[in-house]
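Asker: Below is the structure I would like to discuss, written out as structure tokens.
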Amino acid sequence: MSRKKVLAANWKMYKTPDQARHFFHDFLTLVHGHDRDEIVVCPNYLALDVSIPAAKGSNVAIGAQNVHWEKEGAFTGEISTSMLLAIGVTHVIIGHSERRQYFGETDDTVNLKLKAALEAGLIPIVCVGEVLEEREAGLTDDVLRRQSLRAFHKVSAKKAASLIVAYEPVWAIGTGKTATPQMAADAHAIIRGQAAESFGQEFADQLRILYGGSVKPENAHTLMSEKEIDGALVGGASLDPKSFAAIVKY
Ligand code: PGA
């Protein structure tokens, strides 16, 4: 049961289209021929349009950071699955903690977005993770189980085949604090357990669960050596081509 790791960059609200172009110019050379792992870069919406041609024919896939669940309509400021697919996007991050924290996303909207992405054929990277108070109160298991259960609600194993989950403890995002490999492994086991309940053991055994939260070139190797960790979702350290390439090559 070997799961190919996924190294995914989440650029958040950084980089103009020109800066994105420069990134790919340098990054693609650095990771040329790397096929041990899957590489995904998720730029902001505006930078997608230059990132897709820049990465075309390379070993790097392009993802969006968000998507709306409706096909089209009067939803000012939103982007649909078909718009992403039309320009060549293959992946999409869903339910990142910043979207939950600052933009009112809930377990229910995460579920709607997941269903829409799978229906459209986008590969979803669904984020779950506890905040510090929840960890300190011993609620990590409950939170991860609840977020996963609700995200997977009424999704079939067949439909969910491409699903990727990212475990991102909120207290580790952008703080320089990293979960220890053991903490991540324990959390991943809980998520995998919920996936087994929702989709069956075989599905759960194949599900890729990434770790996210202050992943850097210095800690990538240790984290990626943990067998429960199937890759990383990287924020800050993915903005620099050398740094993200070092993480990819951990
Ligand atoms: P970070 O962000 O690597 O800057 O901690 C990770 C994320 O939010 O996906």
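Asker: Near Lys115, which aspartates and glutamates are there with a Cα under 16 Å away, not counting those fewer than 8 places off in the same chain?
Answerer: Those aspartates and glutamates meeting the cut-off are Glu70, Glu72, Glu105, Asp107.
Asker: Any idea what diffusion coefficient the range 114-199 gets from Stokes-Einstein, in µm²/s, Kirkwood Rh on alpha carbon pairs, 10 °C, 1.306 mPa s?
Answerer: 117
Asker: Taking the highest mean first, how do the peptides 150-162, 227-239, 67-79 order by number of other beta carbon atoms within 10 angstrom per residue?
Answerer: 227-239, 150-162, 67-79
Asker: Using the reciprocal of the averaged 1/r over all distinct C-alpha pairs, how large is the Kirkwood radius of the range 17-143 in Å?
Answerer: For the range 17-143, the Kirkwood estimate is 16.0 Å.
Asker: Related question: Please compute one quarter of the surface area of the Cα convex hull for the range 100-147 and express it in square nanometres.
Answerer: Computed as one quarter of the Cα hull surface, the answer is 3.7 nm².
Asker: What is the distance in Å between the Cα centroid of the range 33-58 and that of the range 181-250?
Answerer: With the range 33-58 and the range 181-250 each reduced to a Cα centre, they are spaced 19 Å.
Asker: Averaged across orientations, what area in nm² does the convex hull of the alpha carbons in the chain project?
Answerer: 12.3
Asker: Do the alpha carbons of any pairs in Lys56/Lys227; Lys12/Lys216; Lys5/Lys177; Lys227/Lys249; Lys113/Lys227; Lys113/Lys216 sit beyond 24 Å of each other, and which pairs?
Answerer: Lys56/Lys227; Lys113/Lys227; Lys113/Lys216
Asker: Quick one: putting +1 on the C-beta of Lys and Arg, -1 on the C-beta of Asp and Glu, what dipole do you get for the range 68-112 around its Cα centre, in Debye to the nearest 20?
Answerer: 120
Throughout, read-outs are computed from the coordinates displayed, never taken from laboratory work. It should be emphasised that the depicted structure is a prediction, and the values quoted were computed from it without experimental measurement. Using ideal geometry, Cβ is built from the backbone for each residue, glycine included, and neighbour counts are taken over all protein chains shown.
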